[in-house]
1. Being modelled with pLDDT of 95 or more and in contact with a Leu (Cβ under 6 Å, 6 or more places away or on another chain) is true for just one of Val171, Val195, Val177. Which residue is that?
2. So the check is Cβ under 7 Å with 6+ separation or different chains; which pairs have a first residue in segment 90-117 that's within 16 Å of Arg76 (Cα to Cα) and a second one that's open to solvent by less than 30 Å² (accessible area, probe 1.4 Å) and of a type in the set (Gly, Ala, Ser)?
3. Condition test on Arg46, is it touching a helix residue (DSSP H, G or I) at 6+ places or on another chain (Cβ under 8 Å) and open to solvent by 70 Å² or more (accessible area, probe 1.4 Å)?
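The values are calculated or read from the model by the stated rules, or taken from the named source; none is laboratory data. These figures come from a predicted structure and were not determined experimentally. Positions of Cβ are generated from backbone atoms using ideal geometry, with glycine treated the same way; all protein chains shown enter the neighbour counts. With ligands, DNA and RNA removed, areas are computed over all heavy atoms of the protein, side chains included. Shrake-Rupley method; radii C 1.70, N 1.55, O 1.52, S 1.80 Å.
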Amino acid sequence: MHADYICAIIQTVKVQKRLFKNIGFLTISQLANYLLPLVTIPYVTRIVGPENFGLIEFAQATLLFFIVTINHGFNRTATRRIAAKAQDMDKVSFVFSTVMLAKALLFAFCLVIFLVMVLFIPKFSENLVILTAGFPIVLGWGLYPVFIYEGLQKVSVTALVDVLIKTAAAVLILTLVNDPEDYYKVPMFNGAMQVFFGAAALIYA
């Protein structure tokens, strides 16, 4: 009984330590989400001008629909399934493979819809450059397996990846966006960093 009691205490301490660690990393991630735009948005607005900044927002809003489609709620449903079977790596691997296959099919669907939009709908055809430059962010989210890290309670990985994506993109924007004609580079850098670090997170998984 005494040994069981000690084991229970040790287990509780481990759980609490992991909880506080996850909270700490999530806090860092949220700080990056709030603080970095305070630097980049005023800079981008001043450099590219209100009209081009509006085009950036239009592109980001359009691409957001594809991002939501490709994620398809997996960050909730798959996370719960993995958390419930975290001790069985065969089942975790099955969920992981199934979700990634589904995301690949959804990306193919999004790509077809995107091509139809930019080729046949005038509003999107007029903004082909910026939409095409930003579209890789959809692929980046398709590659990024957030669900497995959250399901296995490895929130530190997702927090680190999020911070790296936003920081790297901010550095590129502040360095290489220097005149109004560079407006398309803003979604391009965001997309490129999402693909790079999303792929790195997938390989690590």
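1. Val195
2. Val92/Ala86; Val95/Ala78; Val99/Ala78; Lys103/Gly142
3. Answer is no for this residue.
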